[in-house]
Amino acid sequence: MNRGPIAEIDLNAISNNLKVVKDLSNNCPVIAVVKADAYGHGAVKISKRLIREGVEYLAVAFTEEAKELRDNGIDIPILVLFDPDIKDIFEYDLIPVVSDKKTALSIARKAEKESREINMHIAIDTGMGSIGFGCDAVNEILEIANLRGININGLLSHLSEADLLDASFAKIQINRFNALKRDLLKNDLKVRLSHIASSSAIISLPESHLDAVRPGLMLYGYSSIQGVRKDSGLSVSHSWPTFLLRHAMTVKAKILFIRRLPANTPISYGRTFITKRDSIIGVISVGYADGFSRLFSNNAEVLVKGKKVPVAGRVCMDIAMVDLTDIRLAEEGDEVTILGTDGDETIDASVLASKAGTIPYEILTSLGDRAKRVYIGDDDE
């Protein structure tokens with residue numbers, strides 16, 4: 001058998017989730033974030049489905065990710081969010097997101113040398129404290145706009161607290177961003193696309209939608225918002241839009257072996273689990289090398305025959321053990337659902353994230369990147 005788990009990626013769920021984005025943003029242009037291999041879902045396949053559904057722009061973290069998309073026939077505009085490789089920007093016709101004047105000058109010199117014009121988006125730090133020009137950098141941005149070979153056709157920022165119920169700082173960031181836009185406009189610089197809305201902001205901060213929205217996590221069926229803001233201004237039908245989202249990833253493994261063990265038998269490293277009764281222990285084909293975190297040791301469940309069963313003992317590199325004692329009909333070779341739905345039970349990335357003290361993003365990228373992927377609803381197969 002193949003090593004470890006299999007990730008089933010439902011492309012029809014991706015289509016559904018994009019429709020939710022469009023409905024919530026009143027068909028605002030979408031810049032789909034497909035960095036980190038589309039959050040572990042496979043950037044090429046996901047991007048092609050999104051393009052088929054009308055997405056006009058993609059965003060990746062680094063140029064290597066953009067090159068993979070170009071090499072697989074994807075020709076729509078691609079934003080490179082961080083540290084763009086200038087040679088690749090020109091060779092692969094990419095849109096750099098520029099966070100400092102030095103990078104802008106380097107791009108301008110090459111553009112002038114090659115008699116080309118490069119579109120770029122300018123990153124603004126409105127409160128994230130990571131990358132971007134300050135909100136008072138009007139003169140610097142205007143200097144860049146006047147460079148030969150440069151066309152600033154986008155302005156972006158990132159909200160640091162869009163997923164919190166207290167939206168006060170997110171609104172401060174939006175106001176700062178809009179103030180900078182107004183200052184640039186007063187100086188005759190009109191930017192075609194301004195965007196600040198992440199998935200959480202798309203759902204609950206309509207004032208953030210601007211010229212385009214930039215969904216990531218919600219395209220894959222999740223939201224990091226923990227409740228509903230009373231001041232969100234959403235209609236009743238959209239009061240909790242995550243009900244409309246569909247999880248795109250299901251991760252499954254197999255039962256490799258079944259052990260029948262007496263009470264007082266230690267399981268796995270460190271003897272952190274000792275059977276309290278005559279027990280049936282299943283050895284399943286997923287471990288921390290496959291993205292099933294060691295933090296799930298004695299601290300998570302999987303689904304077998306539609307029922308939740310606990311992880312027993314420490315998760316190993318290649319395998320984990322689960323307590324099947326209450327699942328009498330389980331057999332070697334049976335399917336185990338690590339992430340997804342079986343019968344009436346569901347384990348999603350938010351559930352696993354809470355067990356590991358992390359966020360759904362990490363669960364999806366960890367499990368999705370290391371599993372063999374199978375695509376559902378793929379017209380090319």
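What follows draws every value from the coordinates through simple rules; no lab data is involved. Keep in mind that this is a model prediction, so the values were computed, not measured. Every residue, glycine among them, receives a Cβ derived from its backbone with ideal geometry; neighbour counts consider all protein chains shown.
Quick notes on this structure:
- Counting lysine pairs in region 35-177 that sit 8 or more residues apart in sequence, or on different chains, and whose Cα atoms lie under 29 Å apart gives 26.
- Cα centroid separation, region 58-82 to region 264-313: 40 Å.
- Per-residue ellipticity at 222 nm computed for the chain from its helices equals -8500 deg cm²/dmol, with DSSP H segments shorter than 4 residues left out and the rest contributing -39,500 (n - 2.57).
- By the equivalent-ellipsoid construction on the alpha carbon gyration tensor, region 306-381 comes out with semi-axes of 22, 18, 14 Å, ordered largest to smallest.
- Reported value for region 249-347: 84 Å³ per residue, from the convex hull of its C-alpha atoms.
- Debye intensity ratio in log₁₀ form over the Cα atoms of region 105-191, taken at each q of 0.17 Å⁻¹: -0.72
- Distance between the 7 Å Cα→Cβ label points at D211 and E56: 1.0 nm.
- Peptides 101-113, 57-69, 280-292 ordered by average Cβ neighbours within 10 Å, highest first: 280-292, 57-69, 101-113
- Region 11-228 - Kirkwood radius from inverse mean 1/r over Cα pairs (Å): 17.6
- At 0.890 mPa s and 25 °C, Stokes D of the chain from Kirkwood alpha-carbon radius, µm² per second: 109
- Stretch gain in nm, segment Y92-T341, where the contour uses 0.36 nm per residue and the Cα spacing is subtracted: 85.6 nm
- One decimal place: the segment K113-D326 gains 69.5 nm when fully extended, by the rule 0.36 nm per residue minus the C-alpha distance.
- For the chain, relative contact order (Cα pairs under 8 Å, six or more residues apart, normalised by length) works out to 19 percent.
- Modelled label positions at S160 and D278, each set 7 Å beyond Cα in the direction of Cβ, lie 6.0 nm from each other.
- Cα centroids of region 116-141 and region 314-333: 52 Å apart.
- Separation of the N187 and N299 label points, Cα + 7 Å toward Cβ, nm: 5.0
- Label reach from L142 (point 7 Å along Cα→C-beta): in region 92-114, amide nitrogens under 18 Å belong to 101.
- For region 69-142, alpha-carbon Rg relative to the globular expectation (2.2 N^0.38 Å, N residues): 1.17
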